[in-house]
Amino acid sequence: MLHKILTISIYIGIFLVPYFALKAQSVGVVLSGGGSSGIAHIGVLKALEEHNIPIDYIAGTSMGGLIAGLYASGYSPTEIEELFLSEKFKNWAQGNLNKKYIFYLRQQAITPSLITFKLNTDTLWEINLPTNLISPRAINYGLMEYFAPASAKSKNNFDSLFIPFRCVASDIITKKAVVLKKGKLPTAIRASMAYPFYLPPIAYDSMLLFDGGLYNNFPSNVIYDDFNPDFIIGSNVSSNFLPPNEDNVVSQIKAIISNDTEYIIPCEYSILIEPEASNFSTFNFDNNEQLIQIGYLATMNKITDLQNQITRKVTKVEIEKARATYKASLPPLIFNNVTVSGLSKKQNHYIEKSLQLKKGSSTAETFKSEYTKISSDNKIKSLYPEAIYNDSINLFSLNLQAKKEKNLFISFGGVFSSRPVSTGYIGIQYNLLRKVAHSFTVETYLGRLTNSLIAGYRLDVSGKIPFYWQTQAISEQWDYFKSNSTFFEDTKPSFLVSDELYVKSEVGLPLGFKNKLILGGTFGELNNNYYQTRQFISTDTTDETSFKNHSLFINFDNNSLDLKQYASKGRQILIEAKYINGRERTVPGSTSIIKDISKSYLNWILLKAKVDNYFNKRGWARFGVMGEVVYSTQPFFENYTASVLAASSFQPITESVTLFQERLRAKKYVAGGAKTIFEVYKNTQLRIEGYIFQPYQEIIQNEFKKGELGKQWATRQYIFSSSLVYQTPIGPFAFNVNYYDKQEDRWTFLFHFGYFIFNKKNLQ
């Protein structure tokens, strides 16, 4: 009996040993889509490698496709983790170009616009609707940089990568899932990630490809059908959309454009890992480290089952050695030439001439600065980079497929305030791109404080020394009387109305990426109407001072600030020299002591320097400093008020530009202060600022209401401000409490939404 049992056991063993030897001989991994939640897949791969689980095939959709593609291209889980925790990936996700290389020369003047509509004047209105929330320029270049070498080595065959790979996209023309197994690897992964309204789709082989998650968000069937692995490991962070709600248009759109996915693995030998990442917003990439840890821990909970069922092991030393050998065989991403296509011959020429390429070859990293520079031109919508490998010379050529931005921009903005200084803004810009770029602009500001109309033309020329020439005609009025209000009804504001009409023409030249040198001139007329006393009645007539003038100026401008207002990162340096010459004519009003009309010729030199700098964050606080120096030889106008109106003013805080503060104006002064910025919540700051204004000699009024200079360094002013600021996607909400130590109204309170940004005054 014992003999029979042993015989049967031997026969069973003979049949089962080959079975177990073959079982789990090959392992496939499939990664679902899921937006930011898909970052948990990195933790899954990390845990698998640490515990010697082999990965022979890999497939993914959307975010899973990106991570799977990186792994298939020879990047380790640690390298992938480093990428997703970097500033580079954050820029990809937010559609931001590296600010270091944004070409400041091509940036338009800062305006208070809150929202801008971009339109094509020669197409139907529906084509003008936006198709994506973020710009794809940064991620397009990044995918090319990370995947082009592996794509070249594999000869665009995804079976020949470090790990055979598949990703899935959705063709919305045929309404079918498309399995991508060959072609340009960066393009395939970019197509798999083209989430509707977030990233634009990719046109590919007569197809319009969107995110693969629309029709197959968990391509376990793809890895099973294409590779037939013995064991499949699935990582899923997604689920099907809830049924559409009659009151929720987003849910209705999701139901229309997508199909349900079966989150199962069609293989007897498999394990499904489901990291709990459903609480994370699809496009919120602020929790990447936490998500990676969630994926890691979810895998660790299944690691014993995996090790029991997968008998074959690949040690970390073995996989790292194989990965190093593979990477050493990849061709370096070096370009020997760059071409531009997609637009007309003249438009392509404009882009090509804008690229300052050094003789010989260049790496993707060194070329990135030029790509960013031309991509930041607001006349270029996108530049899709395609690296084409020439194995005969072991170098790449780079083709930039260009798309022109829409030619008509219409902007709306301004500021809405608790004080009567609210101002509306409308800006219209029409761009015409040829061998050179033409821009025609019309802007208007409408409010109680200021009204203005600005018409301009700008010519941008590319080449070895790129430059722009811009001419503007400006008509504006500042009314400090109507816009003045305080909490005290008995306070009588001064009557001050300033009208200015002038033409400005300038030429701008680059000094590196973030600096520009501006040379130009103006001519026009300034008219000020004012009372030299606060004691006046409605029948009194104002004093009138007109100043017909012309000026020449040269400016150095450096700007890397992160925001138009309430910045907390970067730096701005402004240095200006200006020569002003003109003829003053003053007609006294009924309240003036002197009754004679006066005429005189005046000229002076104005030198001004300003630095606004923010330092790296320490803990939850950030610090900044601001300094300003003014030196002017400005002579006195006919009276004190006219002299002060023409003098330079120190305006360190948001509210300053809306106030006429005569004690913060001088011919020569030094001023500065410090800022502490606390990040109290996401997009919410508490700002505390303090400044000192030190005039060399204060402008004072004598008994004849003439201007004269006070004692040297005799007086100074202190300004303190505290602001709670919430940055919305279109502009800031802010509440300010301000203190001026020697003003009549020392305390001011201001709530506003939008930007206190106005056109720069001609004489200041």
Per the charge dipole of region 363-438 (beta-carbon charges, Lys/Arg positive, Asp/Glu negative, Cα centre), the residue among Asn431, Asn378, Val421 reaching farthest to the positive end is Val421
Place +1 on the Cβ of every Lys and Arg and -1 on the Cβ of every Asp and Glu in the chain, take the dipole about the Cα centre, and give the residue among Gly43, Trp469, Met207 whose Cα lies farthest towards its positive end.
Trp469
Report the Cα-based extents of region 289-341 along its three principal axes, largest first, to the nearest Å.
53, 28, 18
With Cα coordinates, the longest principal axis of the chain makes an angle with the long axis of helix 345-354, in degrees rounded to 10, of 80 degrees
Applied in sequence order to region 67-81, the curve 6.51 cos²θ - 1.76 cosθ + 1.60 (Karplus, θ = phi - 60°) yields integer Hz couplings, x standing for Gly and Pro, of 5, 5, x, 5, 5, 5, 8, x, 8, 6, x, 5, 5, 5, 4
Indicate, rounded to the nearest 5 percent, the antiparallel portion of the DSSP beta bridges found entirely in region 302-455.
85 percent
Check which residues have an amide H placed less than 5 Å from Leu395's amide H, if you skip close sequence neighbours.
Asn390
Mind ordering 537-550, 308-321 by average Cβ neighbours within 10 Å, highest first?
537-550, 308-321
What accessible surface, in Å², does a 1.4 Å probe find on Ile115, ignoring ligands, DNA and RNA and rounding to the nearest 10?
80 Å²
How would you rank 278-291, 642-655, 180-193, highest first, on the average number of other Cβ atoms within 10 Å across their residues?
180-193, 642-655, 278-291
Cβ-placed point charges (K, R +1; D, E -1), dipole of region 532-603 about Cα centre in debye, nearest 20:
140 debye
How large is the helix-only mean residue ellipticity at 222 nm for the chain, computed as the sum of -39500 (n - 2.57) over DSSP H runs with n ≥ 4, divided by its residue count, in deg cm²/dmol to the nearest 500?
-6500 deg cm²/dmol
With unit charges on the beta carbons (Lys and Arg positive, Asp and Glu negative) and the dipole taken about the Cα centre of the chain, which residue among Ser238, Asn555, Tyr104 sits farthest to the positive side?
Asn555
From Cα pairs below 8 angstrom and at least 6 apart in sequence, can you work out the relative contact order of region 456-601, rounded to a whole percent?
18 percent
With N set to the residue count of region 526-581, report its C-alpha Rg divided by 2.2 N^0.38 Å to two decimal places.
1.94
When ranked by the protection proxy of mean other Cβ atoms within 10 Å per residue, highest first, what sequence do the peptides 512-523, 609-620 form?
512-523, 609-620
Using Cα pairs closer than 8 Å and at least 6 residues apart in sequence, work out the relative contact order for the chain, in percent.
10 percent
Per-residue accessible area for Val629 at 1.4 Å probe radius, Å² rounded to 10?
70 Å²
Could you tell me which label, among (1) 1.15; (2) 1.06; (3) 1.20, carries the value of Cα Rg over 2.2 N^0.38 Å calculated for this structure?
(3)
Compute the long axis of helix 40-50 from its Cα atoms, compare it with the longest principal axis of the Cα atoms of the chain, and write down the angle in degrees, 0 to 90, nearest 10.
50 degrees
Those trypsin sites (Lys or Arg not before Pro) in region 330-382 that DSSP places in a loop and that have at most 15 other beta carbons within 10 Å
Lys358, Lys359
Just how large is the dipole of the chain about the Cα centre, in debye to the nearest 20, putting +1 at every Lys and Arg Cβ and -1 at every Asp and Glu Cβ?
2120 debye
Keeping all protein chains in place, calculate the accessible area per residue for the chain (probe 1.4 angstrom), answer in Å².
46 Å²
Might you report the magnitude of the Cβ-based charge dipole of region 656-749 about its Cα centre, with Lys and Arg at +1 and Asp and Glu at -1, to the nearest 20 debye?
240 debye
Over region 347-457, what is the relative contact order in percent, taking alpha-carbon pairs closer than 8 angstrom and at least six residues apart?
18 percent
Ranked order, Lys711, Lys761 - accessible area, probe 1.4 Å, largest first
Lys711, Lys761
What FRET efficiency comes out for the pair Asn279/Ile115, r = Cβ-Cβ distance, R0 = 25 Å, nearest 0.05?
0.20
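The values are calculated or read from the model by the stated rules, or taken from the named source; none is laboratory data. If you're wondering where the values come from, they're calculated on a predicted model, not measured in any experiment. Heads up, the Cβs are rebuilt from the backbone with ideal geometry, glycines too, and the neighbour counts pull from every protein chain shown. In case anyone asks, the SASA skips ligands and DNA or RNA and just uses the protein heavy atoms, side chains included. Shrake-Rupley method; radii C 1.70, N 1.55, O 1.52, S 1.80 Å.
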